[in-house]
Amino acid sequence: MSPAEIARTIGVHRSTVSRELKRNSDGRGHHKYNHDLAQRKADKRMKNRPHACKFTDEMKRDARRYLIYMQYSPEQIAGRCRQQGREMVSYETLYKWIWCEKRHGNKELAECLRNQGRKYAKRGAANRSRGIIKDRIGIEERPQIVNEKSRFGDFEIDTMIGKNHKGAIMTTNDRCTHIVLIRRLEGKEATPLAEAAVEALSPYKQMLHTITADNGKEFARHKEIAEKLGVQFYFARPYHSWERGANENTNGLIRQYIPKGTDFSTLTDEFIAEVEWKLNNRPRKSLGYLTPLEYFKIMFNFTPDSAVALSN
């Protein structure tokens, strides 16, 4: 019978028959098909193919020996056995076995791990509260008008840390006019930052609407800042620095005058005020090459003298 006739007879596609003949015929020149030879070839391929293996008692004995006497990690055990051509389950399965043994009272295996059986917290765990700022309001609840950058009073706030993590600088800027306010801090704690933020923004209190910060612990007293200034305080999402893009750009401009690695203890309040003045009188492309103070003056119809006085 031809391959097509065989396929119709046994109810498969003719390609299945052709593939069977090609793979399992005698390859010694005469290309005859023998069902016994074909079965042996199929069994050999099945044995050699990658497949999940059962966690046998022999594997458990080997894993226990590697863990207790050689202090191998589960990943090292699985990798070493694979390198030696020995059967072993994946390291994830080894970890599951160790946790199961621990739950049933056998802590010996878990104590052989480098971290003594302590699990890492899962990313995004809902019950992980340590380090989360209390009563924070996410940026997703911030009014849409803030994104339009059409009004004065929507500020972003951040900190810059000095050499060897000593000393800090608070930076805050308006999203619309790019007015920037800079204050030197003795540390990155929440209390001095809250006091500096209130002091810097109080002259603008009647014009303030919102403040947006990252999730640093220095903003733990955000409710105090919001209450004293009469604003809404919002927090950007973790690792979403572009949600405070204007502030990140401002910090980059400040680095021109205060490079990374600077010892902040050498900076004076007079120098900080000078940097602030230069940035507020620096033309910005986004403002049509007006300076922040000039743009602020136009927005509120201030005289030049009053605008300069306000910046000081």
(request) Please report, as a whole percent, how much of the solvent-accessible surface of the chain comes from carbon and sulfur atoms (probe radius 1.4 Å). (result) 50 percent
(request) Towards the positive end of the charge dipole of region 192-304, with charges on Cβ (+1 Lys, Arg; -1 Asp, Glu), say which of N215, N281, A246 has the farthest Cα. (result) A246
(request) Check the straight Cα-Cα distances from K44 and name the aspartates and glutamates below 16 Å, setting aside those fewer than 8 residues away within the same chain. (result) E20, D26, D36
(request) Please name which of M46, G138, L193 has its Cα lying farthest along the dipole of the chain towards the positive end, using unit charges on Cβ (Lys, Arg +1; Asp, Glu -1) and the Cα centre as origin. (result) M46
(request) Quick one: net charge around N106, please, counting Lys, Arg +1 and Asp, Glu -1 for every other residue with C-beta under 15 Å from its C-beta. (result) +4
(message) Can you return the aspartates and glutamates within cross-link range of K166? Criterion is Cα-Cα under 13 Å, with same-chain partners fewer than 8 residues away left out.
(response) E186, E189, D263
(message) Tell me the Kirkwood radius of the chain: reciprocal of the mean inverse pair distance over distinct alpha-carbon atoms, in Å.
(response) 26.1 Å
(request) Compute the accessible area per residue over the chain, keeping the other protein chains in place, probe 1.4 Å, unit Å². (result) 64 Å²
(message) Only four residue types carry charge here, +1 at the Cβ of Lys and Arg and -1 at the Cβ of Asp and Glu. Report the dipole size of the chain about the Cα centre in Debye, rounded to the nearest 20.
(response) 2640 debye
(message) Here is the link list: K134/K205; K96/K188; K22/K54; K205/K285; K188/K285. Which ones come out longer than 30 Å on Cα distance?
(response) K96/K188; K22/K54; K188/K285
(message) Can you list residues from other chains, or at least 5 along the same chain, whose modelled amide H is less than 5 Å from the amide H of I137?
(response) F235
(request) Taking just the C-alpha trace of region 233-287, give me its Rg and Dmax in Å. (result) 13.6, 34
(message) Cβ neighbours within 10 Å, averaged per peptide: list 274-281, 250-257 in order, most packed at the top.
(response) 274-281, 250-257
(request) Please sort by residue number the GluC sites (Glu not before Pro) in region 182-231 whose DSSP state is loop and whose Cβ has at most 16 other Cβ atoms within 10 Å. (result) E186, E189
(message) Can you find, among N34, T291, L229, the residue sitting farthest towards the positive end of the charge dipole of the chain, where Lys and Arg contribute +1 and Asp and Glu -1 at Cβ?
(response) N34
(request) Obtain the nm distance between the two label points defined at Y204 and S18 by a simple spin-label model: each point lies 7 Å from its Cα along the Cα-to-C-beta direction. (result) 7.5 nm
(message) Compute the distance from the alpha-carbon center of region 35-88 to that of region 212-257, in whole Å.
(response) 54 Å
(request) Compute the distance in nm between two label points, each set 7 Å from the Cα along the Cα-to-Cβ direction, one at K41 and one at R61. (result) 3.9 nm
(request) Go ahead and run the numbers for FRET between R80 and I10, Cβ-Cβ distance against an R0 of 41 Å, rounding to 0.05. (result) 0.30
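The values are calculated or read from the model by the stated rules, or taken from the named source; none is laboratory data. Please read these numbers as outputs of a predicted model, since none were measured by experiment. Because the Cβ atoms are built from the backbone with ideal geometry, glycine has one as well, and the counts that use them run over all protein chains shown. Quick note on the areas: whole protein, heavy atoms, side chains included, nothing else; ligands and nucleic acids left out. Shrake-Rupley method; radii C 1.70, N 1.55, O 1.52, S 1.80 Å.
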